[in-house]
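Take a look at the structure below.
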Amino acid sequence: MGSRTRVLGVGFLPAAIVFATAGCPGGDSAVNEARRVRDQRIGESAEHRRFDIEISRGATDPVRREQLVHAIADDRFAIASLALDTLAAAPPAEARDALRQVFDGKSGVLKLRAAVALGRLGDEAAVAFLREQIRVPEQTLGLEVVTVLAAHGGEPVLAPVFAPRLASDDRDTREEAYALLGAVRAPWATDLLLRGLEREHGEERRAAIQALGRTGEPRVASAIERFVNTKGLVFATLEALGAVGSPDGADAVRSMLASAEPTVRAYAAVALWRLGGKSEAEPVVSAGLTDADASARAVLAEQLAPVADPDARRYLAVLALDTERTVRVAALRSMAAEPRVEDLNSLLAAAGDADYQLQTIALGALARAGGPEAAAAIRPLVRSENPYVALAAAHAVVEITARAKAA
């Protein structure tokens, strides 16, 4: 750690206690206080209301979900649109009637987002509407629309839509198509990406390589490993090879471990770790913790996010104490992407930081993964003078308590 780490302002709680699912003494009073604060804060400004909706994504508390469903009928477009977007990722069944009212009574973006949410609930009329929308050549394809239609029709519906976009002379159009095909994660989509990769030249291959990495198909490793040392494609190729998980790409990744560039070493080490080469990768990762280049340390923190190994989380904990704010933010965001038991001490410490952005990132992660003792530790933050910290803490207290009661 040395001079590049610091200690943040909240005492650590034992991870086993933090992740406990037993009942929470005083839980009802804490929840009542949290809800009072939330109601007060969202009444202060539309910006507070928008932030509250944003942090509600994936909420399990029934009251919070009901509030979110109610928000889709808000007279303010920005609020209704954001609430629909938040619900669309995983719409609860109880939202169906409210979504149908928006779908039947609104137009434009609101109707489209309601259709996405209803499509995820299997609504045939909504799916038919989305199919009509994507047939319009000028229509921008959205990730949500494509993923819904991939589940309702798949290749026969989507392949004819992608064909002219992949053949377009406009680079942005092709790159948008590549990104969406990578999210489809189906063999036919991967086939289109592989053909697209062969049509591209130079650095224009980057978007296709990145998308191939998101497919999760090991067969793509042999197609992209040759770009591991190509200018402009190094980072994308290393990350993609690590993501697809094929040992066929390990030698290409290993060849970049000794690069003179610390950022390249960070990408290569984490990719090799993901490919099963932990013993070779770990010394490079460890050395990267104290690299003089803060941007390289931030990249290391970002790349470690998907590594499902307690030792990787231990390195993230070190980076979460870095003296550079950008590194701390990157480390906390990596933890928050999928919070694990190893992260809880770091998240609780960051919840007490003087930087409100770090606090809200940590509180968002604790809302999804903390236990009753964590709720007790962060309860004082509900009274924070910073409205965003107060809202994030209130949400975390309510979510943790609801999860404990359900258990």
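The values are calculated or read from the model by the stated rules, or taken from the named source; none is laboratory data. For clarity, every value in this text was computed on a predicted model and none was experimentally measured. We place every Cβ from the backbone using ideal geometry, glycine too, and count neighbours over all the protein chains shown.
Only residues in segment 338-351 that are among the hydroxyl-bearing types (Ser, Thr, Tyr) count as the first member; pair them with residues that are surrounded by fewer than 22 Cβ atoms within 10 Å (Cβ to Cβ) and at pLDDT 95 or above, Cβ under 7 angstrom, at least 6 apart or cross-chain, and list the lot.
Ser346/Ala317
Across segment 183-223, what is the number of residues that are surrounded by fewer than 16 Cβ atoms within 10 Å (Cβ to Cβ) and within 14 Å of Ser246 (Cβ to Cβ)?
The qualifying residues number 4.
Among the residues of segment 298-332 satisfying the criterion of being among the β-branched types (Val, Ile, Thr) and more than 16 Å from Ala365 (Cβ to Cβ), which is surrounded by the most Cβ atoms within 10 Å (Cβ to Cβ)?
Val327
Working carefully through the options Arg383, Arg333, Arg403, Arg368, find the one that is farther than 16 Å from Ser56 by Cβ and touching a residue at least 40 places away in the same chain (Cβ under 8 Å).
None of the other options fit; the residue is Arg383.
Taking the stated definitions as given, is Glu282 within 30 Å of Pro164 (Cα to Cα) and either in a helix (DSSP H, G or I) or among the β-branched types (Val, Ile, Thr) (or both)?
No; evaluated as a whole, the condition is false for this residue.
Output yes when any residue across segment 393-400 is surrounded by fewer than 23 Cβ atoms within 10 Å (Cβ to Cβ) and touching a helix residue (DSSP H, G or I) at 6+ places or on another chain (Cβ under 7 Å), and no when none is.
no
Looking at Leu348, Leu363, Leu316, which one is out of contact with any strand residue (DSSP E or B) (no Cβ under 9 Å at 6 or more places or on another chain) and closer than 21 Å to Ala266 by Cβ?
Result of the check over Leu348, Leu363, Leu316: Leu316.
Tell me which residues, restricted to segment 137-159, are surrounded by 13 or more Cβ atoms within 10 Å (Cβ to Cβ), charged (D, E, K, R) and free of Cβ contacts under 8 Å to residues at least 40 places away in the same chain.
Glu155
For every residue, the table says whether it meets (1) of a type in the set (D, E, K, R); (2) over 21 Å from the mean Cα position of the chain (by Cα).
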{"position": "Arg165", "(1), (2)": "yes, yes"}
{"position": "Asp170", "(1), (2)": "yes, yes"}
{"position": "Ala189", "(1), (2)": "no, yes"}
{"position": "Leu194", "(1), (2)": "no, yes"}
{"position": "Glu198", "(1), (2)": "yes, yes"}
{"position": "Ala211", "(1), (2)": "no, no"}
{"position": "Gly216", "(1), (2)": "no, no"}
{"position": "Glu225", "(1), (2)": "yes, yes"}
{"position": "Asn229", "(1), (2)": "no, yes"}
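Take the residues in segment 80-94 that are in contact with a Leu (Cβ under 8 Å, 6 or more places away or on another chain) and surrounded by fewer than 23 Cβ atoms within 10 Å (Cβ to Cβ), then tell me which one is farthest from Pro62 (Cα to Cα).
Of the residues in segment 80-94, the ones in contact with a Leu (Cβ under 8 Å, 6 or more places away or on another chain) are 80-81, 83-84, 86-87, 91, 93.
Among the residues that remain, those that are also surrounded by fewer than 23 Cβ atoms within 10 Å (Cβ to Cβ) are: 80-81, 86, 93.
On the way: Ala80: 19, Ser81: 21, Thr86: 15, Ala93: 12 Å.
Per the criteria, the residue is Ser81.
For residues that are modelled with pLDDT of 95 or more and outside any helix (DSSP H, G or I), scanning just segment 362-392, find the one that is surrounded by the fewest Cβ atoms within 10 Å (Cβ to Cβ).
Among those that are modelled with pLDDT of 95 or more and outside any helix (DSSP H, G or I), it is Glu385.
Within segment 255-276, work out how many residues are out of contact with any Lys or Arg (no Cβ under 7 Å at 6 or more places or on another chain) and buried (at least 18 other Cβ atoms within 10 Å of the Cβ). Can you show your working first?
Taking segment 255-276 first, the residues out of contact with any Lys or Arg (no Cβ under 7 Å at 6 or more places or on another chain) are 255-256, 258, 260-271, 273-276.
After this cut, where a residue has to be buried (at least 18 other Cβ atoms within 10 Å of the Cβ) as well, the list is 256, 262-271, 273-275.
Of the residues in segment 255-276, 14 are out of contact with any Lys or Arg (no Cβ under 7 Å at 6 or more places or on another chain) and buried (at least 18 other Cβ atoms within 10 Å of the Cβ).
Any residue at all in segment 175-186 that is of a type in the set (Val, Ile, Thr), without any contact (Cβ under 8 Å) to a residue 40 or more places away in the chain, within 13 Å of Arg214 (Cβ to Cβ) and out of contact with any strand residue (DSSP E or B) (no Cβ under 7 Å at 6 or more places or on another chain)?
Looking for residues that are of a type in the set (Val, Ile, Thr), without any contact (Cβ under 8 Å) to a residue 40 or more places away in the chain, within 13 Å of Arg214 (Cβ to Cβ) and out of contact with any strand residue (DSSP E or B) (no Cβ under 7 Å at 6 or more places or on another chain), one finds at least one in segment 175-186, hence yes.
Run down Ser246, Ser295 and say which single residue is of a type in the set (Ser, Thr, Tyr), at pLDDT below 95 and surrounded by fewer than 24 Cβ atoms within 10 Å (Cβ to Cβ).
Of Ser246, Ser295, the one residue that is of a type in the set (Ser, Thr, Tyr), at pLDDT below 95 and surrounded by fewer than 24 Cβ atoms within 10 Å (Cβ to Cβ) is Ser246.
So, in segment 107-116, exactly how many residues are without any contact (Cβ under 8 Å) to a residue 40 or more places away in the chain and either within 25 Å of Ile55 (Cβ to Cβ) or in contact with a Lys or Arg (Cβ under 6 Å, 6 or more places away or on another chain) (or both)?
6
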